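Report on the following structure.
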Amino acid sequence: TCALPIWKWLRYKIVVSDLDGTLLNSQHRISDYTVSTIRKLEKKGIKFVIATGRHYEDAKYFFNQIGVAKYLISGNGSFIHNENWNEIGRESIDRKLIKTLLELEVEEGTSRSIYKGKDWYTDRIVQDYIDFHKESKYSPQISNLDKFKNVEAEKIFFINPNRKVIEKLEKKMKNLELDKYLNIATSQPTCLEIMSKKANKGEALKTLLKYENIDFKEIISFGDALNDKEMLENSGMGIIMGNGDKRLKEILKECKVIGSSDEDAAAKFLENLFDL
């Protein structure tokens, strides 16, 4: 449930946060204030988890900057790593579905990318790749993606600066009933991401909860996009950023909406809730 529960803050054992549009500001940076807040949280015995659509090699930069995070969920739940960088979970897309996705006709100007293991491949560099990864300096390898048609991979995503193109592509995939076999979600209006049906942030959290012997009601989660839906709706307290996707706010009406990522709203909320 997203509704604020009546339990005291002591009942919460894990805080989970998305990165872009949530923990990071519009310049794709995490403030010193937010880092300090998370470290104070850790001193109170509350574990911190990052859950992002980014590749883990990219998200490592922010994980290390925070310094006290316990787990990293990346690729929208395709990968799970602990603080020692041991992989404790991975979900891949079946090779037959990879072939189907790579053979889909896309409009001109659309970039296609694929995450396979530790590597990121793309057929077209777009400005978003430069803007979103200038801190970590993680970048894709230019490649003919046809060579991946007969292999498994963890995530495929499509970027086009025109959100209507992405909406049209999403509708096309659903008309083909690909959503029966795949998790299809937007991480931002111009980016459509496709993972295994078993891969989303909510499912990845289930794995962590078994690992930690913790219940969903003991989790607080923060997010801003539709790829955060399963995580937010299952947490004891799900919180949507003020700058979040309107569709997410409409779907999860009981979630509390706070300020924007540019205002360090998540850190301020945690500071107040846990009396840091």
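Structure above, values below:
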| read-out | value |
| --- | --- |
| Out of ALA199, ALA153, sole residue that is crowded, with 23+ Cβ neighbours inside 10 Å and over 30 Å from PHE269 (Cα atoms) | ALA153 |
| Failed item in (1) in a helix (DSSP H, G or I); (2) in contact with a Phe, Trp or Tyr (Cβ under 9 Å, 6 or more places away or on another chain), with LYS210 passing the rest | (2) |
| Lone unmet requirement of (1) assigned to a strand (DSSP E or B); (2) open to solvent by less than 30 Å² (accessible area, probe 1.4 Å); (3) aliphatic (A, V, I, L, M) for LEU101 | (1) |
| Residues (open to solvent by 50 Å² or more (accessible area, probe 1.4 Å), within 25 Å of GLU91 (Cβ to Cβ) and not in a helix (DSSP H, G or I)) located in the range 30-69 | LYS47 |
| Contacts under 6 angstrom Cβ, first residue in the range 139-160 being part of a loop (DSSP other than H, G, I, E, B), partner among the aromatic types (Phe, Trp, Tyr) and open to solvent by less than 20 Å² (accessible area, probe 1.4 Å), 6 or more apart | PRO140/TRP120; GLU154/TYR115 |
| Residue, modelled with the highest pLDDT, within the range 222-236, restricted to residues that are within 12 Å of the chain's Cα centre (by Cα) and small (Gly, Ala, Ser) | GLY223 |
| Which listed residue is open to solvent by 10 Å² or more (accessible area, probe 1.4 Å), within 19 Å of the chain's Cα centre (by Cα), of a type in the set (Gly, Ala, Ser) and more than 16 Å from ILE156 (Cα to Cα), from SER92, SER26 | SER26 |
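The values are calculated or read from the model by the stated rules, or taken from the named source; none is laboratory data. The model shown is predicted, which means the values in this text are computed figures rather than measured ones. All Cβ positions, even for glycine, are placed from backbone atoms using ideal geometry, and neighbour counts span all protein chains on display. In case anyone asks, the SASA skips ligands and DNA or RNA and just uses the protein heavy atoms, side chains included. Shrake-Rupley method; radii C 1.70, N 1.55, O 1.52, S 1.80 Å.
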